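> Below is a structure I'd like to ask you about.
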Amino acid sequence: DAMVIQNPRYQVTQFGKPVTLSCSQTLNHNVMYWYQQKSSQAPKLLFHYYDKDFNNEADTPDNFQSRRPNTSFCFLDIRSPGLGDAAMYLCATSRDRGLTGAQYFGPGTRLTVL
Amino acid sequence: DQQVKQNSPSLSVQEGRISILNCDYTNSMFDYFLWYKKYPAEGPTFLISISSIKDKNEDGRFTVFLNKSAKHLSLHIVPSQPGDSAVYFCAAIGIQGAQKLVFGQGTRLTINP
């Protein structure tokens, strides 16, 4: 089945220790997104890639970086995690940019910062 | 600045009855609206959408209504089934370049047998 896969599902890291979250897709979609969702809050877009074109949201902290080495994979790097970065991180894809396409989400990675 | 709001954090409905989930938005530039459903330990799943040129879209048991003048949309589920118990997110897209979804906070729907 075509899908969006996130690894790991649960990640524990220490304060200040870099961490990388992984997302892969078999949908061959052009666009990949990373969202942060804190408890009882709406998912918040951090950035997205349209093919190789990186688009950062204005309010995304510099602590968050992303890489997309090929169509299938996208990584979220948190350079120095703080306690406030503990959240669910959701990866999503869409076939193209535009108003009518739905985004397909992975199951998420829950990040705990000790 | 919450541009998409779901004011009811939770809703409880009897099986077989109608579930109505509400969503309000503030940005008149939003042009397309979507509902997502989320089960625990899973990512959100696309459910149904509506363009701003329409006021209703129906898909099986699910109907979305849009009232542009009131900047309000609602999701109706009828009849409600136990498998509908989940968190429902309203989301909106505007003419802002990329397909940037702005989500509401979600409403937890519980269907009671």
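> Over chain B, what portion of Cα pair distances is larger than 17 Å, expressed as a whole percent?
Above the 17 Å cut-off, chain B has 51 percent of its Cα pairs.
> A further question on this structure: Starting from the alpha-carbon convex hull of segment A:4-99, give the projected area averaged over all orientations, in nm².
6.2 nm²
> Which residue fluctuates the most in chain A, going by a Gaussian network model with Cα springs under 10 Å, if the choices are A:Gln65, A:Gln41, A:Gln14?
Evaluated over chain A, the most mobile residue of the options is A:Gln41.
> Let me ask something else about it. Could you tell me which of the pairs A:Lys52/B:Lys5; B:Lys5/B:Lys37; A:Lys38/B:Lys5; B:Lys5/B:Lys71; A:Lys52/B:Lys38; A:Lys38/B:Lys56 are separated by over 22 angstrom between their Cα atoms in the structure shown?
A:Lys52/B:Lys5; A:Lys52/B:Lys38; A:Lys38/B:Lys56
> Something else: For a quick protection proxy, order the peptides B:81-94, B:62-75 by their average other-Cβ count within 10 Å, most packed first.
Highest to lowest by the protection proxy: B:81-94, B:62-75.
> Can you tell which of B:Ile18, B:Ile77, B:Ile50 shows the greatest fluctuation in a Gaussian network model of chain B with Cα springs below 10 Å?
B:Ile18
> Picking from B:Gln81, B:Asn27, B:Thr107, whose Cα lies most toward the positive end of the charge dipole for segment B:4-107 (charges on Cβ: Lys, Arg +1; Asp, Glu -1)?
B:Asn27
> Above 23 Å lies some portion of the pair distances; for the protein assembly as shown, what is it as a whole percent of all C-alpha pairs?
When every Cα pair of the protein assembly as shown is considered, 48 percent fall beyond 23 Å.
> When the Cα centres of segment A:12-26 and segment A:61-102 are compared, how far apart do they sit, in Å?
So the separation of the two Cα centres works out to 10 Å.
> Would you tally the net charge around B:Phe65, using a Cβ to Cβ cut-off of less than 10 Å, leaving B:Phe65 out, and scoring K and R as +1, D and E as -1?
Result for the neighbourhood of B:Phe65: 0.
> For peptide A:9-21, how many partner chain Cβ atoms fall within 10 Å of a residue's Cβ, on average?
Across the residues of A:9-21, the mean count of other-chain Cβ atoms within 10 Å is 0.
> Would you tell me the mean number of C-beta atoms belonging to other protein chains that fall within 10 Å of each C-beta in B:68-75, as a whole number?
0
> Need one number: buried accessible surface between chains A and B, 1.4 Å probe, both sides summed, DNA, RNA and ligands left out, in Å² to 100.
In total, this chain pair buries about 1700 Å².
> Which semi-axis lengths, in whole Å and largest first, follow from the square roots of five times the eigenvalues of the Cα gyration tensor of segment A:47-114?
23, 14, 12
> Let me ask something else about it. I'd like the mean, over residues of B:36-47, of how many other protein chain beta carbons sit within 10 Å of each residue's own Cβ.
5
> I want the local charge near B:Ala41. Using Cβ-Cβ distances under 11 Å, sum +1 for each Lys or Arg and -1 for each Asp or Glu among the other residues.
Net local charge, B:Ala41 excluded: +2.
> Along the Cα→Cβ direction, 7 angstrom out, place labels at A:Lys38 and B:Thr45. What is the inter-label distance in nm?
2.9 nm
The values are calculated or read from the model by the stated rules, or taken from the named source; none is laboratory data. Please read these numbers as outputs of a predicted model, since none were measured by experiment. Glycine gets a Cβ as well: all are built from the backbone with ideal geometry, and neighbour counts include every protein chain shown. Protein only, heavy atoms only, side chains kept; ligands, DNA and RNA dropped before computing areas. Shrake-Rupley method; radii C 1.70, N 1.55, O 1.52, S 1.80 Å.
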